[in-house]
Amino acid sequence: MSQSPFILQEQQFLKIRSVLERVRVECAARVVFLVDRDGQTIAFNGDIGDMDTTSFSSLAAGNVAATTSMARLIGENVFPAVVHEGENESIFISVIGRSLLVVVFDGRSTLGLVKLRAKRASFDIAAILDEMIRESQLIAASAKPAFADITDEDIDSLFS
Amino acid sequence: MTFINYASREINCKIVYYGPGLCGKTTNLQHIFDSTAPQAKGKLISLATETDRTLFFDFMPLELGTVRGFKTRFHLYTVPGQVYYDASRKLILKGVDGVVFVADSQEERMDANVESLYNLEDNLQTQGYDLNQLPYVLQLNKRDLPNVIPMHDLTHELQKKGEPVFEAVAKDGTGVFDTLKAVAKQVLTELRKT
Ligand SMILES: Nc1nc2c(ncn2[C@@H]2O[C@H](COP(=O)(O)OP(=O)(O)O)[C@@H](O)[C@H]2O)c(=O)[nH]1
Ligand SMILES: [Mg+2]
């Protein structure tokens, strides 16, 4: 069987988003994401314009997966942060347990500031994620799974 | 790992197309991309080399519709087929919810199919999965070519556990959606249990 699903409740989503908003404001960043290490967007805050956020998250996760493997090859366990500095826009990614905090920023901010604020926020995010994982497991272990009553017709209707 | 978001009311699942180099994995995704309405898909991203070989993965998000008020989004990935990209393949299998094995039906690719299938089982195990317990579909691709092995023989060689088997010509789209539906259906059915 595949692993039990990762469940995000409304309440935790709102908490995460407010942490992301705080980070964005404190670092004068353009947009801040929280991404699952498998590449799913958990939440974001800021100006995404017409950015393809689904692809962005998937690539951020692929990026960290690749650099983590590179770390192992040289005897490091993980690179806790990954930075890409562009001419105008830059990306800072910090690994927090099974999630990634991704900050997109430009010349209004600095890497030093982003690192500092991201580090502070990482404790809050870790706490919310722990709660989320605990609750996911509770739901998974409960007698009634999240989608116990999906019918074959429900599934078939997706393909009609 | 399926990700259920109650705030945005979305179910996100990850499906990986696996198989030997040049068997038609990218072509499957390309066909799905070309035949899907713009509002249901994101970009098709290919991390490819200059010679068009998949280097890391191809990726495309696909929205199928809603189940019980939840938008279902499938994240479709392909892996690079060449032997030396094994590290990339392992990474892409992380968090997988369902696998499509695309076999190349040509006689001369039989060894490559077997090797790739073996590699899939191996890499799944490394990530803590068991192929026998995972939503899984076998696609026999390139049925249009003259030198293909008969379906019955290929199935006999490659079928692992009674999984659905589809003949396909990914180049013109034949069998591509049947394959996707079969694996998506198994993934969603899993949600009933968990
Ligand atoms: N004749 C034929 N060629 C195919 C078919 N599917 C894919 N191809 C071709 O096989 C080559 C490799 O396909 P590609 O999707 O890049 O393989 P991948 O390495 O598995 O991603 C391309 O030239 C495709 O056009 C098919 O069903 N029939
Ligand atoms: Mg390819």
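The values are calculated or read from the model by the stated rules, or taken from the named source; none is laboratory data. A quick note: this is a predicted structure, and the numbers were derived from the prediction, not measured. Glycine gets a Cβ as well: all are built from the backbone with ideal geometry, and neighbour counts include every protein chain shown. SASA here: full protein model, heavy atoms, side chains in, ligands and nucleic acids out. Shrake-Rupley method; radii C 1.70, N 1.55, O 1.52, S 1.80 Å.
When you have a sec, figure out the Kirkwood radius of chain A from all distinct Cα pair distances and drop it here in Å to one decimal? Please report the intermediate quantities before stating the final value.
Working: mean 1/r = 0.0584 Å⁻¹.
Computed over chain A, the radius equals 17.1 Å.
Rolling a 1.4 angstrom probe over the protein heavy atoms with all chains in place gives the range B:1-77 an accessible area of 37 Å² per residue.
Contact with the other protein chains removes 10 Å² or more of accessible area, compared with the isolated chain and a 1.4 Å probe, from these residues of the range A:65-87: A:65, A:66, A:69.
Can you compute the helix-only [θ] at 222 nm over the protein assembly as shown? Use -39500 (n - 2.57) per DSSP H run of at least 4 residues, normalise by all residues, nearest 500 deg cm²/dmol.
The helix-only estimate for the protein assembly as shown comes to -12500 deg cm²/dmol at 222 nm.
Any idea what the dipole of the range B:3-193 comes to, in debye rounded to 20, about its Cα centre with Lys/Arg Cβ at +1 and Asp/Glu Cβ at -1?
1060 debye
Quick check on the protein assembly as shown: of the DSSP beta bridges with both residues there, what percent are antiparallel, nearest 5%? So the antiparallel bridges in the protein assembly as shown amount to around 65 percent. Please name the residues of the range A:33-64 whose accessible area, counted over protein heavy atoms with a 1.4 angstrom probe, falls by no less than 20 Å² between the chain alone and the full protein assembly. At a threshold of 20 Å² (probe 1.4 Å), the residues of the range A:33-64 that become less exposed are A:37, A:38, A:40, A:52, A:54, A:55, A:58, A:59, A:62. Along the axis of the charge dipole computed for the range A:10-159 (Cβ charges of +1 for Lys and Arg, -1 for Asp and Glu, origin at the Cα centre), the listed residues A:41, A:141, A:66 are led at the positive end by A:66.
If you roll a 1.4 Å probe over the range A:10-159 with all protein chains in place, what percent of the accessible area is carbon or sulfur? On the range A:10-159, the fraction of accessible area on carbon and sulfur atoms equals 54 percent. May I ask for the percentage of alpha-carbon pairs in the range A:1-80 that lie more than 21 Å from each other? Everything past 21 Å amounts to 42 percent. The residues of the range A:10-159 present an accessible area of 48 Å² per residue when probed at 1.4 Å with all protein chains retained. Here the relative contact order of chain B, from alpha carbon pairs under 8 Å that lie six or more residues apart, stands at 23 percent. Please state the Cα pair-distance histogram of the protein assembly as shown with 20 angstrom bins from zero: what percent is in each bin? Pairs per bin, as whole percents: 29, 57, 13, 0.
Distances over 30 Å make up what percent of all Cα-Cα pairs in chain B? List each step's numbers first, then the result.
Working: 2729 of 18721 pairs.
Looking at chain B, the distances longer than 30 Å represent 15 percent of pairs.
Threshold 40 Å², probe 1.4 Å: give the residues of the range B:83-104, in number order, that are less accessible with all protein chains present than with their chain alone. The answer is B:91, B:94 - residues whose exposure falls by at least 40 Å² when every protein chain is included.
In whole percent, how big is the carbon plus sulfur part of the accessible area of the range B:25-101, probe 1.4 Å, protein atoms only? Before the final figure, lay out each step's value.
On the way: 1660 of 3070 Å².
Carbon and sulfur together cover 54 percent of it.
Annotation for the B:A interface, with buried accessible surface near 4200 Å², both sides summed [1.4 Å probe; non-protein components not counted]. The GluC sites (Glu not before Pro) of the range A:79-148 that meet both conditions, a loop assignment by DSSP and at most 16 other Cβ atoms within 10 Å of the site Cβ, are A:87, A:89.
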